[in-house]
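Just so it is clear, none of the values below were taken in a lab; they were calculated from the coordinates. Quantities reported herein were computed from a predicted structural model and do not represent experimental measurements.
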Amino acid sequence: MPETAAGLAAALANLLDPRARRGVRHGLVVVVTAAVCAVVARYRSYTAIAEWVADVPDTTALALGIAPHRRPSEAMIRRLLQALDPDRLTTAVSGWLAARTAATSPAGRRAVAVDGKTMRGSRTTDTAARAAKPPSDHPAGTH
């Protein structure tokens with residue numbers, strides 16, 4: 001995880017921080033990296049992202065650049081993410097994902113996306129997929 005977070009942090013380094021310098025407690029890259037990690041872990045709302053940040057083990061918080069005893073609040077995460085330029089954020093995260101895909105895919109091969117029903121064995125060549133559960137804000141079994 002530290003290598004992944006470091007690569008993401010490097011990809012986000014060119015984002016412009018929309019906040020005034022005065023009173024900034026959490027760096028832009030640190031907060032956005034944590035938010036991206038939370039979203040990858042299927043936490044979608046600002047509240048859920050803040051809960052993920054609050055609940056990660058201290059070692060994970062440190063790997064992300066967050067002081068374990070001083071984590072960003074939901075309000076701070078929400079305000080910062082809403083103030084970011086969405087096109088620049090999309091470009092930065094997309095570039096990071098493309099680099100990760102290129103680095104992990106064997107030469108000459110492309111990644112193939114497989115839907116969740118196939119992965120869970122709900123759908124096979126012989127049987128139709130079972131009905132999907134409605135999406136929730138949190139992954140199953142949390143909060």
Quiz item: With θ set to phi - 60° and the Karplus curve 6.51 cos²θ - 1.76 cosθ + 1.60, what are the ³J(HN,Hα) couplings of the range 34-48 in order, to the nearest whole Hz, using x for Gly and Pro?
Solution: 4, 5, 4, 4, 5, 5, 4, 7, 6, 9, 9, 7, 4, 4, 5
Exercise. First obtain the Kirkwood hydrodynamic radius of the range 1-97 from its Cα pairs, then insert it into the Stokes-Einstein equation at 4 °C and 1.567 mPa s, and state the resulting D in µm² per second as a whole number.
Key: 97
